[in-house]
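The values are calculated or read from the model by the stated rules, or taken from the named source; none is laboratory data. The shown structure was predicted, so the numbers you read here are calculated from the model rather than taken from an experiment. Cβ: placed from backbone, ideal geometry, glycine included. Neighbour counts: every protein chain shown. Side chains included, ligands, DNA and RNA excluded: accessible areas come from the protein's heavy atoms. Shrake-Rupley method; radii C 1.70, N 1.55, O 1.52, S 1.80 Å.
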Amino acid sequence: MFKLYLFLFILCFCNSATVLLAGPFSDFKAGAELSEELTSSPTVNRNMPTSDSLDQAIKNLDPQNSVMWDELRENLLGINSRVKFVEDVKVIMQDHVEEPHEVPLIVKIPKRLHAFTKFILIIENNPIQQVIELNPYKKIEALGMNVRLEDDSPVRAAVLDQEGVWHVGSKMVFVASPGGCSSPSCDPTVEICEQGEVGKIAVKQYGREGKAERIKLKITHPMETGFVVGVDGEVIPEYYVNKIHVDDNNGPIADIATYAALSSDPVILLDLPEKGQSIRVHVKDSQGLEFFSHNTM
Amino acid sequence: MNYIIIVIALIVFFIENTFAENFKYNLKYVELADGIFVIEGDNTRLNSINGGAISNTSFIIGSKGILVIDAGPSALYAEQVISIIRSISSIPIKYLVITHHHPDHSFGVSSYQELGVEIIMSSSEIHRYEKYGKRLLRQMKNLIGEEWFLNTKIVDIENNKVFPLKINLGNHQIGIREYKNGHSEGDLVVVDIDEEVVFSGDLIFNKRAPTIPHANIDNWSKYIDILHNNKWKILVPGHGPIIRDKEELYMTKNWINYISKIAKEAVEKGLSPAEVFDKGISDQYKSYHLAQEVWNRDLPLLMKKYEYQ
C-alpha cells in the first residue's frame with residue numbers, strides 16, 4: 001500500500017514538474033549534434049521574455065561565457081585567426097523571434113570594412129552553425145538573409161579585413177518556440193504550404209541613395225536540414241543550396257557558400273555602392289543540380 | 001506509519017487535483033439578450049493555461065432549437081460548452097456555425113457531429129479544415145500540450161451549404177452570410193435579426209491586434225465598412241469583449257490597413273523585414289494588446305505575399 005502511494009506521489013510530482021518547468025528560458029542549448037529530445041519534441045512553449053533577458057543577452061554575447069566560441073573560431077575563422085569584437089558591424093534582427101524557421105536579418109558593414117575579403121555568419125547554438133561564407137570581388141556595404149534558429153543564440157557576423165583581422169559584430173536573439181532547424185518549416189496556421197518549383201531564382205534590383213543599389217535574390221529551394229521528421233515518421237534527408245555565384249556584365253560580384261541554416265526559399269540581399277549591369281546568378285545544390293537566373297529587371 | 005500514509009495520500013490527492021485542474025476550461029457565460037449567450041475567450045495568445053480557448057463561443061436558444069456559433073479549440077472545450085447549454089435548456093442543439101477554419105474556432109466540431117448537430121461552414125473553409133487539420137492539430141498539441149486535445153479529431157464535414165442562409169429557431173430568426181476572401185477565404189457572419197445582434201467571427205477583433213494569416217486586406221477592410229453600416233445593437237467579435245459602440249470596429253480596420261501599407265512600402269523599397277522591425281511600430285498601434293507579437297509574425301508574411309503575387 002505504502003509503495004503504491006509513493007509511486008503515485010512520484011508520478012504526480014514528475015508530471016507537475018514538467019508543467020512548471022516551462023519557464024521563460026531553459027538552460028538547455030542545442031549542441032553541435034542535436035539531442036534526441038530536441039528532434040522528437042522541438043517546440044516547448046515559453047513565456048515572453050522578462051527584463052532579465054537583456055542582462056542574459058549581454059552575458060551570453062560575451063564570447064568568454066560561450067562554451068562554443070573557441071572551437072567555432074578555430075574551425076570557421078582559422079586556428080591562428082586574429083579576432084576583434086566590434087560595435088560597428090551591425091547585426092540587425094529581432095531580439096525575440098516568434099517564427100524560428102525564417103528569421104530575417106541584415107548585417108550593415110561600416111565604411112572602413114566595405115572592401116572586406118571574407119564574410120561569415122555564425123549562429124552559435126544551431127545544429128548547423130555556419131550560415132554562409134561570402135567571398136566578394138567588389139565592395140559590399142550590407143548583406144541580408146533569412147535564417148533558421150534552433151534556439152536562443154548569439155548571432156555573429158565575422159568580416160575579414162585586408163590585413164587578415166576578423167571584425168565580429170554580435171547580436172543575442174531569443175526564440176519563443178525553439179525548433180527552427182528541427183521542425184517542419186511551413187506552418188499551416190499562418191501560411192499556405194505549397195512547395196514551389198525547386199531552383200527557381202528571382203533577382204530584383206533596387207536603387208538606393210545616389211548610384212548605390214541593392215540586389216535581392218530569392219531561390220526556391222526546400223533547404224532541408226536533415227533534422228526534420230516528416231509526417232510519415234521518417235527523417236527528411238538534408239538537401240540544400242551550397243553555392244551561389246553572383247556576377248554582372250563587368251565580372252564577378254561574389255561567391256557564396258551556403259548551408260541549410262538558411263531558411264527554405266532563401267533570400268540574399270547585397271548592398272553594392274554601384275549599380276550592377278544585368279545581374280546573373282548561378283546556383284548549385286547538394287544533389288549537384290545547377291540553376292541559372294532569368295533576369296527579371 | 002499510518003500517519004505517513006495519510007499524509008502522502010493527502011499530498012497525492014492535492015497534487016492530482018491541481019494537476020487535473022490544469023486541463024479544464026474555466027468557462028463562464030453571459031446572457032446578452034433574450035436567449036443569446038456568449039462564452040468569452042481568454043483574449044490573448046494560445047497557451048497551456050487557457051488551452052486554446054482564446055476566441056468567443058456563442059449560442060442562441062430558440063423555441064424550436066439551439067444554434068451554436070463556433071466549436072472552440074478542442075473536443076474537451078466543446079463538451080464543456082454542450083454541458084453548459086444542457087444546464088440551461090433541454091431544447092435540442094440543431095446547428096453549429098463554424099465561422100472559419102482556424103483551430104480555435106473549429107476543432108471542437110466532432111463533439112457536435114456525434115450529437116447529430118447540423119454543421120454550417122463555408123465550402124472554402126471546410127476544404128482548408130480538411131486539408132490542414134491534421135497538421136494544425138499536431139502543432140496545437142506541440143504548442144500548448146497534448147492533454148488539451150484528448151478525443152479531438154479531424155472529421156469530414158458535409159459541404160452542402162449555400163449562402164446567404166436563413167434559419168428559423170422559432171422565436172429567433174437567424175441570417176448567415178458568407179464574406180469571401182476577407183479575413184479568411186470564407187468567413188461566416190451570423191445575425192440574430194429580431195434581437196439585432198451580429199456575430200462577426202474574426203472579421204472583428206476587439207482589444208487586441210488582429211491576425212491576418214489568410215487575409216485579403218482590401219476586401220476585409222470593405223467588409224468592416226459593411227458591418228459598420230449595418231443596423232445592430234450588439235456585435236460579438238471573434239476575439240475580445242462584445243461591442244456596442246460602432247467606432248470600435250475601426251480598431252481592426254486601422255490596424256490591418258496600417259500593417260498592409262507598411263508591408264507594401266517595404267516591398268517597393270526592397271527592404272528586409274529586419275529593417276522594418278528595426279523601425280518599430282508607430283505609437284498609435286503599439287498600444288494594441290499583442291501588438292509586437294502579431295506584428296513580428298504577420299509583417300514578413302504580408303511582405304512575402306505582396307512581393308510574389
Among (1) over 30 Å from A:Gly196 (Cα atoms); (2) part of a helix (DSSP H, G or I); (3) within 14 Å of chain A (Cβ to nearest Cβ) - the single one B:Lys304 does not satisfy: (1)
Residue match in segment B:103-123 (condition: without any contact (Cβ under 8 Å) to a residue 60 or more places away in the chain and aromatic (Phe, Trp, Tyr)): yes
Scope segment B:143-157; condition in a helix (DSSP H, G or I) and within 12 Å of chain A (Cβ to nearest Cβ); matching residues: B:Leu143, B:Ile144, B:Glu146, B:Glu147, B:Trp148
Residue match in segment A:239-259 (condition: under 21 Å from the mean Cα position of the chain (by Cα), closer than 30 Å to B:Lys131 by Cα, aliphatic (A, V, I, L, M) and modelled with pLDDT of 95 or more): yes
Selection count where residues are hydroxyl-bearing (Ser, Thr, Tyr) and in a strand (DSSP E or B), scope segment A:153-180: 2
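State all residues of segment A:205-261 that are in a strand (DSSP E or B), charged (D, E, K, R) and open to solvent by 40 Å² or more (accessible area, probe 1.4 Å); if no residue qualifies, say none.
Result: A:Glu224, A:Lys243, A:Asp255.
Would you say A:Gly180 is closer than 30 Å to B:Glu130 by Cβ and in contact (Cβ under 8 Å) with a residue 24 or more places away in the chain?
Yes: the conditions hold for A:Gly180.
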Among residues of segment B:163-180, those that are open to solvent by 80 Å² or more (accessible area, probe 1.4 Å) and within 14 Å of B:Ile98 (Cα to Cα), counted: 1
Pairs where the first residue, in segment A:152-165, is farther than 17 Å from A:Asn135 by Cα and the second is hydroxyl-bearing (Ser, Thr, Tyr) and assigned to a loop (DSSP other than H, G, I, E, B), C-beta under 9 Å, 6+ apart: A:Asp152/A:Ser26; A:Pro154/A:Ser66
Matching option when the condition is within 12 Å of chain B (Cβ to nearest Cβ) and closer than 30 Å to B:Asn296 by Cβ, among A:Gly226, A:Gly179: A:Gly179
Some residue of segment A:193-210 being closer than 25 Å to A:Asn126 by Cα, touching a Cys at 6+ places or on another chain (Cβ under 7 Å) and within 14 Å of chain B (Cβ to nearest Cβ): yes
